[in-house]
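First comes the structure, then the notes that go with it.
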Amino acid sequence: YHFADQISPVCSYNKRWELAHGAPEAKIRVIYNGVDPRLFTPREIHRSRATVVVSAARIDPLKDIESLIQAAYHVKREVPEVQFLVYGATFDQEYYQRCCDLRASLGLEGTVSLPGHSDVPWEIYHQGDIVALTSISEAFPYSVIEAMACGRPVVATDVGGVGEALEGCGLLVRPRQPEAFAASLLTLLRDRDTRSQMGQESRDKVLNTF
């Protein structure tokens with residue numbers, strides 16, 4: 001930090017770390033992660049009603065996939081046909097098994113799918129009516145701004161710089177609160193106009209900021 005001409009965290013939230021370790025605030029200039037809006041672009045969904053929630057997150061305790069599975073249980077009670085697609089590589093086999101066991105114990109084998117890693121992430125977002133992220137820790141996650149670029153409304157936990165991305169165009173929930181997370185998902189699943197407006201505002205914010 002002493003020898004740097006400029007220090008550029010990927011979100012304002014991360015400035016706290018630089019400042020805590022002695023970086024002069026005058027040297028800090030945030031440069032947000034960005035996405036290619038030509039790859040991550042909106043696509044219309046042809047469904048009579050919203051029923052699909054997607055997530056792009058590795059199967060890892062930091063992503064708290066267990067809370068997402070628990071949220072799916074609460075959503076399914078109100079929307080029986082709902083589907084949750086959780087795309088992501090498995091870095092922790094033991095945690096993956098815990099998630100599978102939880103899914104089985106809640107009777108969600110036909111509701112929550114764990115298809116693994118995808119090399120075409122924009123296609124992940126196009127499958128969903130809503131994009132979800134239940135992490136307990138983040139910096140400035142690409143999955144959030146990629147979903148926004150695709151015009152998808154996002155429900156995410158309020159950790160790291162997620163709030164900076166979603167401010168004014170997404171729903172934020174405290175981490176490890178699956179019932180509250182489910183309530184936010186249900187709000188969007190039931191309201192086509194809000195989903196559409198939020199998706200458009202998200203796309204606009206990406207074009208202007210990320």
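Structure data summary
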quantity: Net length gained if the chain between D36 and S105 were fully extended (0.36 nm per residue, minus Cα distance); calculated: 20.8 nm
quantity: Protection-proxy order for peptides 112-125, 165-178, 145-158, each taking the mean of Cβ atoms within 10 Å per residue, highest first; calculated: 145-158, 165-178, 112-125
quantity: Label-reachable residues, the stretch 119-141, where backbone N falls under 20 Å from a point 7 Å from D60's Cα toward its Cβ; calculated: 119-122, 124-125, 132-141
quantity: Rel. contact order, % - alpha carbon contacts under 8 angstrom, at least six apart, the chain; calculated: 24
quantity: Cross-link reach list, lysines versus K76, counting only Cα pairs under 24 Å and skipping chain neighbours closer than eight places; calculated: K63
quantity: Most to least accessible of E44, E138 (protein chains only, probe 1.4 Å); calculated: E44, E138
quantity: Length gained when the stretch R77-T187 is fully extended (0.36 nm per residue, less Cα-Cα span); calculated: 38.2 nm
quantity: Carbon and sulfur %, accessible surface of the stretch 42-115 computed with the full protein complex present, 1.4 Å; calculated: 46
quantity: For the stretch 105-145 versus the stretch 53-99, the gap between their alpha-carbon centres in whole angstrom; calculated: 8
quantity: All lysines inside 18 Å of K15 as judged from Cα atoms, apart from same-chain residues fewer than 8 positions distant; calculated: K27
quantity: Relative contact order of the stretch 1-64, pairs being alpha-carbon contacts under 8 Å that are 6 or more residues apart, as %; calculated: 30
quantity: Cβ crowding within 10 Å averaged over residues, with 84-94, 181-191 ranked highest first; calculated: 181-191, 84-94
quantity: Per residue accessible area in Å² of the stretch 80-210, where ligands, DNA and RNA are left out and the probe is 1.4 Å; calculated: 44
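The values are calculated or read from the model by the stated rules, or taken from the named source; none is laboratory data. Since the structure is predicted, the reported quantities are computational estimates derived from the model, not experimental observations. Using ideal geometry, Cβ is built from the backbone for each residue, glycine included, and neighbour counts are taken over all protein chains shown. Protein only, heavy atoms only, side chains kept; ligands, DNA and RNA dropped before computing areas. Shrake-Rupley method; radii C 1.70, N 1.55, O 1.52, S 1.80 Å.
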